[in-house]
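Written out below as structure tokens is the structure these notes cover.
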């Protein structure tokens, strides 16, 4: 027998090319149609299902896969899907959790480098507006701004 047609499922196909779990879910939610082309690969470590197709829309395929597995109304308004595995290209619905946007932001990995590529250590990290930068970049920014002010003053 062959494997289930559902993306990411390795179970044996039973009915209409799907395993019993996926067949029943599709039957209950009315999600019949042609199976999606396989545009993913299963990573060996951690069980992540990695999305291979480039995504230009900015809206993650992980949300689509989560809704496919748990239903179209499984993500309440004001909530977002967070990757528990911290792999942004993973579409395994069991590696995701529904959280608030604030919680999702607090779980985000801290920035390790400034815009110039310098390593951000605790003692050199500076908050400037909404961005985090190193002290050296901040001094360079201030020096450029001061030079502009002086040049403008000389022209007057």
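The values are calculated or read from the model by the stated rules, or taken from the named source; none is laboratory data. A quick note: this is a predicted structure, and the numbers were derived from the prediction, not measured. So basically every Cβ, Gly included, is an ideal-geometry build from the backbone, and we count neighbours across all protein chains shown.
Observations
- When the criteria are applied in full, residue 59 fails the requirement of being at pLDDT 80 or above and either in the same structural domain as residue 95 (by TED's automatic domain parsing) or farther than 19 Å from residue 81 by Cβ (or both).
- There is no residue in the range 27-42 that is under 22 Å from residue 95 (Cβ atoms), modelled with pLDDT of 75 or more and either outside the structural domain of residue 87 (by TED's automatic domain parsing) or within 15 Å of the chain's Cα centre (by Cα) (or both).
- Leading residue by the ranking (nearest to residue 49 (Cα to Cα)) among those in the range 10-26 that are at pLDDT 80 or above and part of a loop (DSSP other than H, G, I, E, B): 10
- Any hit, the range 109-132, residues being assigned to a helix (DSSP H, G or I), at pLDDT below 85 and more than 30 Å from residue 7 (Cβ to Cβ): no
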